[in-house]
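The structure under discussion appears below in the form of structure tokens.
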Amino acid sequence: MRPTPLPRRRLLRRAAVGAAAVAFPALWLGARAAAPAARIATPAQTEGPFYPLQLPADSDADLLANGARRYTRGQAVELSGRVIDLEGRPLKGGRIEIWQCDQDGRYHHPGDGGRADPAFQGYGQAALGADGGYRFRTLRPAAYSGRTPHIHVKVRLGRRELLTTQLYVDGDPGNARDFLWRRLNDAERAALTVPFRPAAGGLQAAFEIVVAA
């Protein structure tokens, strides 16, 4: 006895259900593939011995102007970027600090002999904008004995210190000889080493920082 054929409407319904069952996993897997990659916190590095014992009277975001003095040696650089958390949200209310040596490799610190050029501020700080943004005017970092050029960076939120690290110049020949830079893996080097590109009035560098806030 031959089976009774199913009505056309029921056949169409079964076909639609089967197609959905096949398509749903593919759509779900596609959505997973399109999800943004998890952010990795910017690697921490040592503070070093020359963080200021006392903050200078002029501690603004322009390190090339120390009071009425102007520092004209080396290459001026505009350093800018954003500080965000692991979810990509700007660090509102945060503060960023940088410090570095002058063109002769001297820090404003008694442990370094106190011989830094008084025209170079050497340290600066800035409040982060609503978008987590910051901007400094400073010197392309200079090398000194045993270290490749670098800028020290610290991020705070209120009384909490979220990150202390160091920023390096992409392509600088001293990097490969630097004991701290060599300890970094490839991903960490990529996070801390940025290009210093020619721009009007000097150089510019962009450094995005990711913190676990």
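Side notes on the structure shown:
- Failed item in (1) over 20 Å from A44 (Cα atoms); (2) at pLDDT 95 or above, with T148 passing the rest: (1)
- Only a single item in (1) loosely packed, with under 12 Cβ neighbours inside 10 Å; (2) hydroxyl-bearing (S, T, Y); (3) within 16 Å of G74 (Cβ to Cβ) is not met by S145, and it is number (3).
- Pairs with Cβ under 7 Å, 6+ apart, first in segment 71-87 and touching a residue at least 60 places away in the same chain (Cβ under 8 Å), second part of a strand (DSSP E or B) and among the charged types (D, E, K, R): A76/R137; E78/R135; E78/R137; S80/R135
- For segment 39-73, the set of residues classified as aliphatic (A, V, I, L, M) and either touching a Pro at 6+ places or on another chain (Cβ under 9 Å) or open to solvent by less than 90 Å² (accessible area, probe 1.4 Å) (or both) consists of A41, A44, L53, L55, A61, L63, L64, A65, listed by residue number.
- Sole exception among (1) in contact with a strand residue (DSSP E or B) (Cβ under 8 Å, 6 or more places away or on another chain); (2) free of Cβ contacts under 8 Å to residues at least 60 places away in the same chain; (3) more than 17 Å from V83 (Cα to Cα); (4) not in a loop (DSSP other than H, G, I, E, B) for L203, by number: (2)
- Residues of segment 74-95 satisfying the condition of being open to solvent by less than 70 Å² (accessible area, probe 1.4 Å) and closer than 26 Å to R182 by Cβ: G74, V77, L79, G81
- Filtering segment 30-76 to residues that are more than 16 Å from the chain's Cα centre (by Cα), closer than 22 Å to G132 by Cβ and at pLDDT 95 or above leaves S59, D60, A61, D62, L63.
- Count of segment 110-140 residues which are open to solvent by less than 20 Å² (accessible area, probe 1.4 Å), in contact (Cβ under 8 Å) with a residue 60 or more places away in the chain and at negative phi: 8
- A single entry from L167, L203 fulfils the requirement of being modelled with pLDDT of 95 or more and buried (at least 21 other Cβ atoms within 10 Å of the Cβ): L167.
- The lone exception for P198 - which of (1) part of a strand (DSSP E or B); (2) within 30 Å of R89 (Cβ to Cβ) it fails: (2)
The values are calculated or read from the model by the stated rules, or taken from the named source; none is laboratory data. Owing to the predicted nature of the structure, the values given are computational and were not obtained by experimental measurement. FYI the Cβ positions are ideal-geometry reconstructions off the backbone, even for glycines, and counts take in every protein chain you see. To get the accessible areas, we keep the full protein, side chains included, count just its heavy atoms, and leave off ligands, DNA and RNA. Shrake-Rupley method; radii C 1.70, N 1.55, O 1.52, S 1.80 Å.
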